[in-house]
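Read-outs: derived from the displayed coordinates by stated rules, not from any lab. Quick caveat: nothing in here was measured; it's all calculated off a predicted structure. Methodologically, a virtual Cβ is constructed for each residue, glycine included, from the backbone with ideal geometry; neighbour enumeration extends over all protein chains shown.
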């Protein structure tokens, strides 16, 4: 048996609403004790003074089937190397290629992976998605039943091509499959590339889709400025507030252009806050690699929300227990408790003026705290976060280059 003793950490556990300075003893991958001044022989003693211990961070929206889907990345590059212990793939795979994708991921990676299964048969092997005319509801239901441990939801994108598909109502069918299997439906919002539908028609389509949703379903990119979001001209579209009141969850996952600080701030001022956030990480070409730590880090996105006005406990909750609850895994994930698997993220708070960019929307805000992931404990094993993420600082010159590239304006 292997014993790891974490000393002197500031533990924040949103599920139990506990914050305390403590030691954490991990025995053979399981949390054995949480208390001050543990004195025991251990194989490794790690001094976590000045670090915050949180439940292992979780990313609700990633794309991580690298050998099958062109946009996808290596799960460990998006996971433990960035301070994240569990990832949810947001529809990269469909019912035809899911089993191959699951097998490849399980063989090669340490980060835990769950899947929102795309209704399109081969997922996002190409965009916009194709193959909806090959729908096989029986095959999808069988696949879900055979993979209940990892298939945690259904995914569709509310983009022009899906809205215009006339053979059947993609969104109604997706909702029926998800609800009959008691898993959430995730809907991608916003279409920057529409050519046939007007902006008003996209917003109306989203409003219509909201009627199909139940408590626990997820609107991803909920704070997009693209047509088809839930905020139009600074106000919620019809049925948006009703959906939120009945328990539909709002996922902020920004990617490189799916969240606008302006839209987010406007929504928060009206009492509409995100419940969840992930990264929407995808593969970048070499000219954009320098953007990864700022846009594809759960910790940096949490820092952006703190700069907007949310507090530390809120953002940690959104990236841990809220994700675990959304995918029906809260008995195993999202909390630091005796008897649980030891998945923990160790963060440092860097005080001082920081700049944050929202990507394609071209806005910059400032904050006075940056959450920096330093170490990950995954199933009791200690891993150093990739220095590209643990040492992330953004030089103002990089922001200037981003602003010029996007043609955006500074927002505050």
The chain, relative contact order [Cα under 8 Å, separation at least 6], %: 18 percent
Label point at residue 42 placed 7 Å out along Cα→Cβ; residues across the stretch 337-379 whose backbone nitrogen lies under 19 Å: 337-348, 374-379
Given [x] 4, 17, 20, 17, 15, 12, 8, 4, 2, 0; [y] 5, 23, 33, 26, 11, 2, 0; [z] 5, 26, 37, 26, 6, 0, the label whose value is P(r) over Cα pairs in 10 Å bins from 0, in percent derived from this model: [y]
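Contour minus end-to-end for residue 146 and residue 17, with contour as 0.36 nm per residue of separation and end-to-end as the Cα-Cα distance? Could the numbers behind the result be given before it?
Working: separation 129, 0.36 × 129 = 46.44 nm, distance 3.53 nm.
Taking residue 146 through residue 17 to full extension adds about 42.9 nm, to one decimal.
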Nearest 10 degrees, 0 to 90: helix 170-180 Cα axis against the chain principal axis: 50 degrees
Part-to-part distance (alpha-carbon centres) for the stretch 59-107 and the stretch 248-321, which is given in Å: 19 Å
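How far, in nm, would the chain grow between residue 67 and residue 369 when pulled straight, counting 0.36 nm per residue and subtracting the alpha carbon separation?
105.0 nm is the gain from fully extending residue 67 to residue 369.
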Angle between the chain longest axis and helix 199-210 axis [Cα atoms, degrees, rounded to 10]: 70 degrees
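Extension gain residue 313-residue 193, at 0.36 nm per residue separation less the Cα-Cα distance, in nm?
Numbers: separation 120, 0.36 × 120 = 43.20 nm, distance 3.66 nm.
Answer, rounded to one decimal: 39.5 nm.
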By average C-beta atoms within 10 angstrom, highest first, the peptides 45-54, 367-376: 367-376, 45-54
Burial ranking of peptide ranges 317-325, 135-143 (average Cβ count within 10 Å, highest at the top): 317-325, 135-143
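Could you order the peptides 187-200, 332-345 from most to least packed, using the average number of other C-beta atoms within 10 Å per residue?
Working: 187-200: 17.0, 332-345: 20.6.
Those peptides, ordered most packed to least, come out 332-345, 187-200.
Rounded, prolate or oblate: pick one for the stretch 146-303, where a ≥ b ≥ c are the square roots of the eigenvalues of its C-alpha gyration tensor, a/c under 1.5 means rounded, and failing that, prolate if a/b is larger than b/c, else oblate. List each step's numbers first, then the result.
On the way: a/c = 1.34, a/b = 1.19, b/c = 1.12.
Rounded, since a/c falls under 1.5.
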Whether the stretch 98-199 is rounded, prolate or oblate, judged on the alpha carbon gyration tensor where a/c under 1.5 counts as rounded: prolate
Theoretical FRET efficiency, 1/(1+(r/R0)^6), r = Cβ-Cβ of residue 211 and residue 270, R0 25 Å, to 0.05: 0.70
Rough spin-label spacing in nm, given labels placed 7 Å along Cα→Cβ, for residue 287 and residue 168: 4.2 nm
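Given only helices, namely DSSP H runs of n ≥ 4 each adding -39500 (n - 2.57), what is the per-residue ellipticity at 222 nm of the chain, to the nearest 500 deg cm²/dmol?
Values: 14 runs with 111 residues, N = 412.
About -7000 deg cm²/dmol.
Classify the stretch 214-280 as rounded, prolate or oblate, taking a ≥ b ≥ c as the square roots of the eigenvalues of its Cα gyration tensor: rounded when a/c is under 1.5, otherwise prolate if a/b is larger than b/c and oblate if not. Before the final figure, lay out the partial values.
Values: a/c = 1.65, a/b = 1.15, b/c = 1.43.
In terms of gyration-tensor shape, oblate.
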Angle between the chain longest axis and helix 98-108 axis [Cα atoms, degrees, rounded to 10]: 20 degrees
Cα centroid of the stretch 127-171 to Cα centroid of the stretch 193-216, whole Å: 17 Å
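Which percent, nearest 5, of DSSP beta bridges in the chain are antiparallel?
55 percent
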Pairwise FRET efficiency - residue 233 versus residue 107, Cβ, R0 = 41 Å, nearest 0.05: 0.25
